[in-house]
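Here is the structure we will look at.
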Amino acid sequence: MRIALLITMATFAAGLSACQTMTPEERRAADEQRCLSYGFRRGTDAFATCLQRIDLDRRAESRAQSAELMQSMAWDLNGPYVYGRHWHHHH
């Protein structure tokens with residue numbers, strides 16, 4: 001089980017490093033290009049909102065991936081986990 005945990009953590013670390021290959025400036029430029037492709041114009045409130053929504057979506061995705069990893073680790077460690085609204089202990 002510890003090997004599965006190590007593999008999970010290594011996979012997660014690899015995923016993080018893949019996300020970090022893009023500098024903040026490159027990510028901002030890509031986000032701006034995306035908003036421009038949607039038809040928004042720089043300097044408008046709509047353009048700023050577009051950028052904000054992209055950022056919020058990225059953060060929500062990160063939180064979801066983190067929660068999934070934590071759930072997986074709890075399962076792999078044979079410990080308590082949440083299923084719906086109920087706590088269970090896996091034996």
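I'm checking my understanding of the structure. Among residues of segment 66-90 that are of a type outside the set (A, V, I, L, M, F, W, C) and open to solvent by 100 Å² or more (accessible area, probe 1.4 Å), which one is modelled with the lowest pLDDT?
Step one: list which residues in segment 66-90 are of a type outside the set (A, V, I, L, M, F, W, C), which gives 66, 68, 71-72, 76, 78-81, 83-86, 88-90.
Checking the rest, the ones that are also open to solvent by 100 Å² or more (accessible area, probe 1.4 Å) come to 68, 83, 85-86, 89.
Working: Glu68: 87, Tyr83: 60, Arg85: 63, His86: 59, His89: 55.
Step by step, filter segment 66-90, then rank; the result is His89.
Please go through (1) at pLDDT 95 or above; (2) of a type outside the set (Ser, Thr, Tyr); (3) open to solvent by less than 80 Å² (accessible area, probe 1.4 Å) for Asp45 and return the number of the only condition it doesn't satisfy.
Asp45 satisfies all of (1) at pLDDT 95 or above; (2) of a type outside the set (Ser, Thr, Tyr); (3) open to solvent by less than 80 Å² (accessible area, probe 1.4 Å) except (3).
Residues of segment 1-27 being more than 17 Å from the chain's Cα centre (by Cα) and modelled with pLDDT of 95 or more, which ones?
Step one: list which residues in segment 1-27 are more than 17 Å from the chain's Cα centre (by Cα), which gives 1-7, 25-26.
Of everything in segment 1-27, those that are more than 17 Å from the chain's Cα centre (by Cα) and modelled with pLDDT of 95 or more turn out to be Glu25, Glu26.
Under 7 Å between Cβ atoms, which residue pairs at least 6 apart in sequence (or on different chains) link something in segment 27-44 that is more than 16 Å from Leu56 (Cα to Cα) with a partner that is modelled with pLDDT of 95 or more?
Close Cβ pairs (under 7 Å, with a partner that is modelled with pLDDT of 95 or more) amount to Tyr38/Cys50; Phe40/Ala46; Phe40/Phe47; Phe40/Cys50; Arg41/Phe47.
The values are calculated or read from the model by the stated rules, or taken from the named source; none is laboratory data. All values derive from a computational prediction rather than experimental measurement. Every residue, glycine among them, receives a Cβ derived from its backbone with ideal geometry; neighbour counts consider all protein chains shown. Each accessible area value is taken on the protein alone, full model and side chains, heavy atoms only, with ligands, DNA and RNA left out. Shrake-Rupley method; radii C 1.70, N 1.55, O 1.52, S 1.80 Å.
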